[in-house]
Every structure is written in structure tokens, then in C-alpha cells.
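Heads up: the structure comes next, in C-alpha cells.
The values are calculated or read from the model by the stated rules, or taken from the named source; none is laboratory data. Please read all numbers here as calculations on a predicted model, not as lab measurements. Because the Cβ atoms are built from the backbone with ideal geometry, glycine has one as well, and the counts that use them run over all protein chains shown. Surface areas here come from the heavy atoms of the whole protein model, side chains and all, with no ligands, DNA or RNA. Shrake-Rupley method; radii C 1.70, N 1.55, O 1.52, S 1.80 Å.
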Amino acid sequence: RNLAVDEDADARIGGFFTMSAILTVVMAVAYIIAPPPNIGIQEGQLAPDINGESYSSGSWEDFRLYDIIDRSWVEGDNGTWIFLQFMDTDCGHCWDAGAEMSDLYTTYNQYDVTFISVSVEVVGSGHSKSEIAAFKDKTDLDGCSGNSNCKDRPGDVHPWAYVDALDGKAQSDYEIPGTPFELLLSPDGVVVWNSAQGADRGENSDNALYRNLMAE
């Protein structure tokens, strides 16, 4: 029995390898010209994306950090800075920081900066969206900071968005060393201040916000 012979097979195979070689070169050149972003939490790195739901004005809605950054921003342009606070509703230090966050918002909300609290689970268990909302709004719910009632949290009602990151992804991506943990991002999403690195220089969140926002 004679087997069918495809006389064009060699040409097609040769064309495939030629195109593959061309695509490899193109991708290599593109990588050199525009390398992938340096993503991380250290100062100078692009902050990792955060996906989840955010609670603000009494309702939950989809949230993505990269939807609110401007990758085309360059230093000297107008733009909205982002202050990220990673917190835990059961964390005693986060409970105490409620007043500090209120003070920071009161002082700097007049400038072009967006405050965002990202709720993670570092302390305890059984966290929930209702607890996040009660912590933010200071409403009547037992369970914040251990057995405290959320309505007794220090500080005012927080008018900025709280993001539900209880699934652990953001906590892993940001390598949260503990809570509260804070980052200041420039409008293009680059970390300009990391609270852990800032502490080594004696620079707190108030200093970082003043230095960056007042410089605009």
C-alpha cells in the first residue's frame, strides 16, 4: 500500500520554524526595549495589584488597585497619590491607629491623595465583611480587636474605602510583615514610602505624606 506524500509539508515546516525564529527575536527586542515592570513593595518598585471588593458609603463594590493608578504619570505632572494601610480588625495596634488614620485623613484629604485601608487576617480568625464594615463605620458589633465593640474604636468614622482582602492573596503578594503596614504610592503606582523602610530612617506616615504631597 502506498502512503500519501504531502509535497508541501517540508515548506510548511520550514515556514513554521522561520516564523518562530522571527517571533522569538521580536519578543527579545521588546523585552529589552520595554522590560516587564519591577513589581514589589520596596521603595521604587511598582506595587502589586489588589483585587477584591471595597466597602464605602454603605455598600460593597468591585475594586482593583490598577484601575485607579495612572501608568503614564511622570514626576511633575498632576496626579492622585495613594496611601495604603494594611490592617486587621482584630489587631490591637490597628485599633489604636484608628485615631491616627483619622488625623492623617483630616490633614491631607485637602490634597490629591486617596486613602485605602486593606483588611487582611493576621491576628485571630473568623473575620468577616460585616466586621470590616463595622470597624470602618464604628457601628455596634462585638469582635473588633478581640472582644471589643467596633463602635468604640478610637478615631472618627473613616470615610475612605476599606478593601476585603481576607482571601490572603494581597497579604501574600505584599509580604505583610505585620499590621498596621503602610505604603505611599505615587500616581503611577510606584512605592515612594514603605513604613518598614521609613522606620529605619525615622520617617513616619505623616512625614512621608508631608514630604511628597507638599512637594507637588
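Residues whose amide H lies under 5 Å from that of THR114, counting only those 5 or more places away or on a different chain, are TRP81, ILE82, PHE83; hydrogens are built 1.01 Å from N in the peptide plane. Determine which lysines satisfy two conditions relative to LYS151: a Cα distance under 23 Å, and not lying fewer than 8 residues away in the same chain. The qualifying lysines are LYS129, LYS136, LYS138. Annotation for ASP67 and LYS169: the two label points, set 7 Å from Cα along the Cα-Cβ direction, are 1.3 nm apart. Shape call for region 51-145 from the C-alpha gyration tensor, a ≥ b ≥ c root eigenvalues: rounded (a/c under 1.5), prolate (a/b greater than b/c) or oblate? Prolate is the answer for region 51-145, as a/c is 1.5 or above and a/b outweighs b/c.
Taking θ as phi - 60° and the Karplus parameters 6.51, -1.76 and 1.60, the scalar couplings of region 200-211 work out to 5, 9, x, 10, 9, 4, 4, 4, 5, 5, 4, 4 Hz in sequence order, x denoting glycine and proline.
Multiplying the residue separation of ILE39 and ARG211 by 0.36 nm and subtracting their alpha-carbon distance yields 59.6 nm. Multiplying the residue separation of ASN204 and ASP96 by 0.36 nm and removing their Cα-Cα distance gives an extension gain of 37.3 nm. Accessible area of TYR55 (1.4 Å probe, protein heavy atoms only, ligands and nucleic acids ignored): about 20 Å². Please report the accessible area of LEU166 (heavy atoms, 1.4 Å probe, ligands and nucleic acids excluded) in Å², nearest 10. Approximately 50 Å² for this residue. Only protein heavy atoms count here; on that basis, with a 1.4 Å probe, VAL123 has an accessible area of about 60 Å².
Multiplying the residue separation of ASP103 and SER57 by 0.36 nm and removing their Cα-Cα distance gives an extension gain of 14.6 nm. Looking at the square roots a ≥ b ≥ c of the eigenvalues of the Cα gyration tensor of region 114-216, which shape do they give, rounded for a/c under 1.5, prolate if a/b is larger than b/c, or oblate? Prolate, since a/c reaches 1.5 and a/b exceeds b/c.
Between SER128 and SER148, the simple spin-label model (points 7 angstrom out along Cα→Cβ) gives 2.0 nm.
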